[in-house]
Amino acid sequence: MNSFDFEYPYLLLFIFPLLYCMYKCKEYLKPRYFVHLHFLSAKKSFPKLEWLLKIIIFLLLCIALSSPIIVDKINPLNRHGKDILLAIDASGSMNSSGFDAQNEVSGGERLSRFEITKKIATEFIEKRQEDNVGIVLYGDFAFIASPITYEKNIVVEMLGYLTHGMAGQNTAIGEAIAMGVRAFKHSKAKSKIIILLTDGEHNSGATSPKDAIALAKDKNIKIYTIGIGNKGEADEALLKKIANESDGEFFSAASAKELQEVYEKIDETESSKIKSREYLLKDYYYFIFLLLALAVLLYLLYREAKK
């Protein structure tokens, strides 16, 4: 919500005493003597235009000095949401096609499982208006492709650069979870979630799934696991174990449409307060009042020059 305010409102307090002084303290006029006073009219007139223009200039300058601003009080770092880490399998098997046989996502293109997963993950990230999101990519090893951040446009852009095979051809599920836990190092959110997606079995990496689960439980991180592809391709027993022991949930998806439905279900999880530094966006408008004051001053000088 935007609101109008002054950065230095106390300067406005000087307006009224100075106006009073301007009214009482008349300009010094050099005396002129007239013999024939009857030529002078005794009729009172309205305040001179010049005097009003000087008052307007004075008021505009006072307002400019107090620095009028528009404050955006929406705080993207202090809102209700979650810290979510997407751990995406980029092994060799993710290059296989046929996952989107009905063309629900690909729009007629023949895309690999990995490309379809990226498309659906992108939609999921863009919907997370109140969350911080990050990405871990894994194969033989795991790495943080994007740290957990509120800048979801950057996360989506980084996701677009990722390709299958970047981390090797195998599936290091334990490494993916351990790297995901590391990504939450600076997180202050009460609700921390890893969404781990794979179409294979754990067969690589120095960290076992058992040790990785212990790391996640120690940091109070909930893990949702998704096994994609035909039944039997993903290690459903391991994925269920990971989800159950971390208070998460296991899902399976045999098509792109089912994968979309899985992300929609995860989307309904509870939210919590993310504690972070305050962020205020300020737009300054003092220059508008300075320009107005300058315009009035130039008009006043023009009038004086014509006399």
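Computed values, structure above
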{"item": "Total residues in the range 37-50, condition at pLDDT 55 or above and loosely packed, with under 10 Cβ neighbours inside 10 Å", "result": "1"}
{"item": "Only listed residue being closer than 30 Å to Ala305 by Cβ, of a type in the set (A, V, I, L, M) and at pLDDT 85 or above, chosen from Leu111, Leu53, Leu60, Leu86", "result": "Leu60"}
{"item": "Number of positions in the range 176-206 that are over 23 Å from Tyr263 (Cβ atoms) and buried (at least 20 other Cβ atoms within 10 Å of the Cβ)", "result": "3"}
{"item": "Residue selected from the range 155-193 under the condition in a loop (DSSP other than H, G, I, E, B) and small (Gly, Ala, Ser), by the criterion modelled with the highest pLDDT", "result": "Ala172"}
{"item": "Output for the range 176-208, where each listed residue is hydroxyl-bearing (Ser, Thr, Tyr) and touching a residue at least 40 places away in the same chain (Cβ under 8 Å)", "result": "Ser187, Ser191, Thr198, Ser204"}
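The values are calculated or read from the model by the stated rules, or taken from the named source; none is laboratory data. Every value quoted in this text rests on a predicted model; they were computed, and no experiment measured them. We place every Cβ from the backbone using ideal geometry, glycine too, and count neighbours over all the protein chains shown.
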